[in-house]
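Taking it in order: structure first as structure tokens, then the write-up.
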Amino acid sequence: MLGDDAELTTAVLAAQDGDEDAFRTVYRAVHPRLLGYVRTLVGDPDAEDVTSEAWLQIARDLQRFSGDADRFRGWAARIARNRALDHIRMRGRRPAGGGDESELAAEPGDSDTAGEAIEALATGRTMRLIAQLPQDQAEAVVLRVVVGLDAKSAARTLGKRPGAVRTAAHRGLKRLAELLGPDAGPHGLDAVPSQRSPREGTKSAVGVTHSRPWTQKDM
């Protein structure tokens, strides 16, 4: 799986030139996190099908895309979200929307509990708990921590202001810390490595770059 933005950018460019191996590389790098995002929107039974529909559109529209790895992840996430919302409308249900929490963005946060929740995201249990969060918080957490978007890219995907996304992500992480309880313990980010360029990060033995644990300031 690609952990370096430069490598992913190169693979996207090659895929746009018709390199099938490069497209498979892009798919392997992005799909697991995209699937996790769609799962928070439509649930387990339909997530695979909806994500497959998103990839069909990604492949069809790839020539229109322009940008680097971070922009590609945001572009793919927007496509996946649109497909998920179409699916929800077809089955007669809409995701529970959250309010605009921008006014809370300046409030001080408990970075320790947020950090503990992030460190525990490697567990399947935590991914299931994300689905229990309010929709705006669940989407913000997955886009920021799992998909690896920055606040501006996540905001474009959700049609919100970056401050609202940061706040929703922080509140979601605090709630996850509460749900996980004191016995959860740190599990690291090995199962959901950041796909963005590392900030004071280190490279693991398998070549995936991991960033340091996030705090409210990073959100």
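Going through the range 54-78 one residue at a time, which ones are buried (at least 20 other Cβ atoms within 10 Å of the Cβ) and within 14 Å of the chain's Cα centre (by Cα)?
69, 72, 73, 74, 75, 76, 77
Of these, 181, 188, which one is touching a helix residue (DSSP H, G or I) at 6+ places or on another chain (Cβ under 8 Å), on the phi > 0 side of the Ramachandran plot and modelled with pLDDT under 85?
Details: 181 fails: touching a helix residue (DSSP H, G or I) at 6+ places or on another chain (Cβ under 8 Å).
Only one candidate qualifies: 188.
So, of the residues in the range 18-34 that are without any contact (Cβ under 8 Å) to a residue 24 or more places away in the chain and closer than 19 Å to residue 48 by Cα, which turns out to be most open to solvent (accessible area, probe 1.4 Å)?
Of the range 18-34, the ones without any contact (Cβ under 8 Å) to a residue 24 or more places away in the chain are 18-22, 24-25.
Now narrow it down to the ones that are closer than 19 Å to residue 48 by Cα: 24-25.
On the way: 24: 111, 25: 40 Å².
Among them, the one singled out is 24.
Condition first: in a loop (DSSP other than H, G, I, E, B) and either more than 24 Å from residue 27 (Cβ to Cβ) or open to solvent by 10 Å² or more (accessible area, probe 1.4 Å) (or both). Now tell me which residues in the range 126-163 satisfy that. Please lay out each step first, then the result.
Of all residues in the range 126-163, those in a loop (DSSP other than H, G, I, E, B) come to 131-134, 148-150, 159-161.
Listed by number, the residues that qualify are 131, 132, 133, 134, 150, 159, 160, 161.
State which residue is nearest to the chain's Cα centre (by Cα) when the search covers only the range 1-45 and only residues that are acidic (Asp, Glu) and modelled with pLDDT of 90 or more.
The extreme case among them is 7.
Does residue 46 count as over 23 Å from residue 159 (Cα atoms) and either touching a Lys or Arg at 6+ places or on another chain (Cβ under 7 Å) or not in a loop (DSSP other than H, G, I, E, B) (or both)? Before the answer, list the steps.
On the way: over 23 Å from residue 159 (Cα atoms): yes; either touching a Lys or Arg at 6+ places or on another chain (Cβ under 7 Å) or not in a loop (DSSP other than H, G, I, E, B) (or both): yes.
Yes: the conditions hold for residue 46.
Within the range 75-90, which residues are farther than 10 Å from residue 38 by Cα and small (Gly, Ala, Ser)?
Once the filter is applied, which keeps residues that are farther than 10 Å from residue 38 by Cα and small (Gly, Ala, Ser), the range 75-90 yields only 76.
Which one is least open to solvent (accessible area, probe 1.4 Å) among residues in the range 3-17 that are over 11 Å from residue 62 (Cβ atoms) and not in a helix (DSSP H, G or I)?
Within the range 3-17, the match that is least open to solvent (accessible area, probe 1.4 Å) is 3.
The values are calculated or read from the model by the stated rules, or taken from the named source; none is laboratory data. Given the structure is predicted, the values throughout are model-derived calculations rather than measurements. For neighbour counting, all protein chains shown are included, and Cβ atoms are generated from backbone atoms with ideal geometry for every residue, glycine included. Only protein heavy atoms, including side chains, enter the accessible area calculation; ligands, DNA and RNA are left aside. Shrake-Rupley method; radii C 1.70, N 1.55, O 1.52, S 1.80 Å.
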